[in-house]
Amino acid sequence: MCSPPNPTKSKVSVYASGEQAMMDASQSRRHLLLLPLLKRFVQWGITANHLTGLSLLCGIGFCFSYGMPWDQAKLLAFSLLLLHVLLDGIDGPLARFQKIAGNRGSFTDTISDQLVVTFTTITLIHYGEATIIAGSLYLFFYTLVVAFAMIRSSLAIPYSWLVRPRFIVYAWLPVETYFLPGTLNYLLWIFTFLLGWKSLTGFYKIRKKL
């Protein structure tokens, strides 16, 4: 009697097809660059989940320190946000090095990143760095595109390209604070229109596939 074949899990990703190809091509270089650090993490018993959790805490730490009433508060906040980004770039290579990379880790990492996007945007709105309309629409369409990207990936119809503006927004915050105050809203509106367009095309493709 023949047993039924085991179903193969499809890889769920929030990356567009073009992004995924570039990431796959760069993984070997990143592995070589980070190899000494990855070995240290393994020796210390640190896993990718630990780094993802620490990255999330650093991102949330930005929110609590940004509005503190002392001179170096914003510098601390930006440092925590930078640490969040760096750790976010290491947890994936560590998971692959430990041979535990999979959909669960990718999903956890995506949710962690989205939580930081959400909390940082709310913080910027709260302290008046972003208007309620610009910040809210940016956050809404960003979340929608991430959700659609995961759905499209699971349906084997990934986006051909995606705009991923969180790193640009994070990098612009010191510019907004120290050099060009009042420019963040313009940046958010630009990305809101791009994310809105990708939301529309994502909805159309998913509906067509169902």
(request) Kindly list the number of the only condition in (1) among the aliphatic types (A, V, I, L, M); (2) loosely packed, with under 15 Cβ neighbours inside 10 Å; (3) without any contact (Cβ under 8 Å) to a residue 24 or more places away in the chain that fails for residue 125. (result) (2)
(request) Identify all residues within segment 113-135 that are in contact with a Leu (Cβ under 9 Å, 6 or more places away or on another chain) and among the β-branched types (Val, Ile, Thr); write none if there are none. (result) 116, 117, 118, 120, 121, 122, 125, 131
(request) Tell me which residues, restricted to segment 94-107, are within 15 Å of the chain's Cα centre (by Cα) and not aromatic (Phe, Trp, Tyr). (result) 105, 106
(request) Examine segment 151-164 for a residue that is closer than 23 Å to residue 78 by Cβ, at pLDDT below 95, surrounded by fewer than 20 Cβ atoms within 10 Å (Cβ to Cβ) and not aliphatic (A, V, I, L, M), and state whether such a residue exists. (result) yes
(message) Among (1) in contact (Cβ under 8 Å) with a residue 40 or more places away in the chain; (2) under 24 Å from residue 75 (Cα atoms), there is one condition residue 206 misses while meeting the rest; what is its number?
(response) (2)
(request) Could you please tell me which pairs satisfy a Cβ distance under 6 Å, a separation of 6+ or placement on different chains, a first residue in segment 154-180 that is in the same structural domain as residue 204 (by TED's automatic domain parsing), and a second residue that is aromatic (Phe, Trp, Tyr) and surrounded by 15 or more Cβ atoms within 10 Å (Cβ to Cβ)? (result) 165/191; 174/78
(request) Starting from residues that are of a type in the set (Ser, Thr, Tyr) and closer than 23 Å to residue 128 by Cβ, keep the ones in segment 34-84 and report whichever is surrounded by the fewest Cβ atoms within 10 Å (Cβ to Cβ). (result) 79
(message) Name the residue that is nearest to residue 120 (Cα to Cα), counting only residues in segment 150-208 that are in contact with an Asp or Glu (Cβ under 7 Å, 6 or more places away or on another chain) and among the hydrophobic types (A, V, I, L, M, F, W, C).
(response) 184
(request) From the list 76, 38, pick out the single residue that is of a type in the set (A, V, I, L, M, F, W, C), touching a residue at least 40 places away in the same chain (Cβ under 8 Å) and either outside the structural domain of residue 149 (by TED's automatic domain parsing) or not in a loop (DSSP other than H, G, I, E, B) (or both). (result) 38
(request) Scan segment 118-166 residue by residue and report those that are within 22 Å of residue 203 (Cα to Cα) and of a type in the set (Val, Ile, Thr). (result) 118, 143, 145, 146, 151, 157, 163
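The values are calculated or read from the model by the stated rules, or taken from the named source; none is laboratory data. Being a predicted model, the structure only gives us computed values, none of them experimental. Neighbour counts are summed over all protein chains in view; Cβ atoms, including those assigned to glycine, are modelled from backbone coordinates with ideal geometry.
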